[in-house]
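These notes are about the structure you will find just below.
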Amino acid sequence: MSFEYHNLRSGTAASDDQFAQAVLEGLSRQPKCLPSWLIFDDRGSEIFTEITKLEGYHPAQCEFEIFRSHTQTVTDLVSKGSFTVVELGAGDGRKTMVLLEHFIQSRLKFDYIPIDISEGAIKNLVSFLESTFSGSEMSVRGLAADYFDGLAAIGGNENQRNIVLFLGSTIGNMKIAEAEQFLRKLNEALNSGDYVMIGFDLMKHPKILYAAYNDPTGVFETFNLHLLDVINDRLGADFIKRHYVQQGQYNPRTHAVESYIFSTREQVVSIEALDSEFYFAAWEAMQTEHSYKYTQHEIETLAAHSGYEVVKHLFDANHYFMDSIWEVKK
Ligand SMILES: C[S@@+](CC[C@H](N)C(=O)[O-])C[C@H]1O[C@@H](n2cnc3c(N)ncnc32)[C@H](O)[C@@H]1O
């Protein structure tokens, strides 16, 4: 039993370049559009945790319900030998803890490797697990890393099955073609017979979607506007946050809830690291979030196209959300 934390991110110029490039491309587009992953520094990850506690944010509440009701199904699947639970974008790991606790009570032999780009999230998660499960047999190795750098660092043990968790509807932040590319890359990093368990938010009444992404307490607005702080910090920009507001809505053409930041006035923002200035017209909208809403058919097609066989679909009582378990086929 051990509880370790490793930072694989320090001094990674590549990730800074990647960030700068994504901001340059997104702000140069017409209409302006920035990818959702840019928001996730330590504070971004903390605000996301606040979102998961909102009563009206059904993706988190429904996935919690799935974890509470279906732990035995997952346990039956992995319990034949020792195994490793790898979690991509673990965040605060609260849902996963329901599963880990059940594995511990069932006396299973397993390791847990949470991976997240946010150092703060991983440090907090490892120290929470250490204080809660120190008497258990579970070994924990938290990695502050990009998904695939983390997976590469783990190294493969073909005799030990992996179950890779990718929860919280994070896959919805990708367009379907990007999700397929991501899942193929994940398939290449895993062994035949490994499992993946992925959280998909399902298509439902657009008014329910609207309510989930426009909370009256303004946490979603804080989350999206935080992106401006991140760009100010990382690239020396001069965004003035109070000159922007946020709103989210379902777009039937893209099948995604899209969040937009609106510039409340005409303004020019300069970004030192890009040596550039960007003009915003009054009420110009810049997209900052994309959360695709899946149908079951699309999920099954995605599995087949990216090298997996569906093992089981787990639903909440309303069928608002699905955690789908797939086996890697090579
Ligand atoms: C939508 S949140 C989900 C958090 C958690 N899994 C949940 O279900 O509540 C996405 C998480 O992925 C992390 N993340 C985003 N991009 C990442 C990347 N490229 N590599 C590793 N982690 C990433 C973020 O820091 C954040 O904690």
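Laboratory data are not the source of any read-out in this text; all were calculated from the coordinates shown. Just so you know, these numbers come straight off a predicted model, no measurement behind them. FYI the Cβ positions are ideal-geometry reconstructions off the backbone, even for glycines, and counts take in every protein chain you see.
The eigenvalues of the Cα gyration tensor, multiplied by 5 and square-rooted, give the stretch 148-196 an equivalent ellipsoid with semi-axes of 21, 11, 10 Å from largest to smallest. In straight-distance terms, cross-link reach from Lys53 covers every one of the lysines whose alpha-carbon lies under 17 Å from its own, apart from those fewer than eight places away in the same chain; here that gives Lys95. Over the chain, Cα pairs under 8 Å with separation of 6+ residues give a relative contact order of 21 percent. Summarised as an ellipsoid, the stretch 1-51 has semi-axes of 28, 17, 6 Å, derived from the eigenvalues of the Cα gyration tensor scaled by 5 and square-rooted, with the largest first.
Remark: the Glu55-Lys204 segment gains 51.9 nm on full extension, using 0.36 nm per residue and subtracting the alpha carbon distance.
Across the stretch 236-330, the relative contact order, built from alpha-carbon pairs under 8 Å that are at least six residues apart, equals 20 percent. Percent of Cα-Cα pairs more than 20 Å apart in the stretch 234-330, please. Counting every Cα pair in the stretch 234-330, those more than 20 Å apart make up 60 percent.
Using only alpha-carbon positions in the stretch 107-214, the gyration tensor eigenvalues give semi-axes of 27, 20, 14 Å once each is multiplied by 5 and square-rooted (largest first). Maximal additional length on extending the Asp233-Lys123 stretch stands at 37.5 nm, based on 0.36 nm per residue less the C-alpha distance. Normalised by residue count, the stretch 115-169 yields a Cα convex hull volume of 102 Å³ per residue. Against the chain, whose longest principal axis comes from its Cα atoms, helix 13-28 is set at around 50 degrees. For a paramagnetic label modelled on Asp17 (point 7 Å from Cα along Cα→Cβ), amide N atoms under 19 Å away belong, within the stretch 136-150, to 146-150. P(r) for the chain, from all Cα pairs and a bin width of 20 Å, is 31, 58, 11, 0 %, short bins first.
How many percent of all Cα-Cα pairs in the stretch 1-149 sit more than 27 Å apart? Roughly 31 percent, once rounded to a whole number. Packing here is the average count of other Cβ atoms within 10 Å per residue, and on that basis the peptides 17-28, 220-231, highest first, run 220-231, 17-28. Normalising by residue count, the stretch 213-282 has a Cα convex hull of 106 Å³ per residue. Taking a cut-off of 21 Å, what percent of all Cα-Cα pairs in the stretch 136-285 are separated by more than that? When every Cα pair of the stretch 136-285 is considered, 62 percent fall beyond 21 Å. Computed with the Debye formula from one identical point scatterer per Cα of the stretch 51-126, without solvent, the log10 of I(q)/I(0) at q = 0.11, 0.13 Å⁻¹ comes to -0.31, -0.43.
Among the GluC sites (Glu not before Pro) in the stretch 124-186, those located in a DSSP loop and surrounded by at most 14 other Cβ atoms within 10 Å of their own Cβ are Glu137, Glu158. If I fit a long axis through the Cα atoms of helix 176-189 and take the longest principal axis of the Cα atoms of the chain, what angle between them do I get, 0 to 90°, rounded to 10? Tilt of helix 176-189: around 40 degrees.
Cα axis of helix 296-305 to longest principal axis of the chain: angle in degrees, 0 to 90, nearest 10? Approximately 80 degrees, to the nearest 10.
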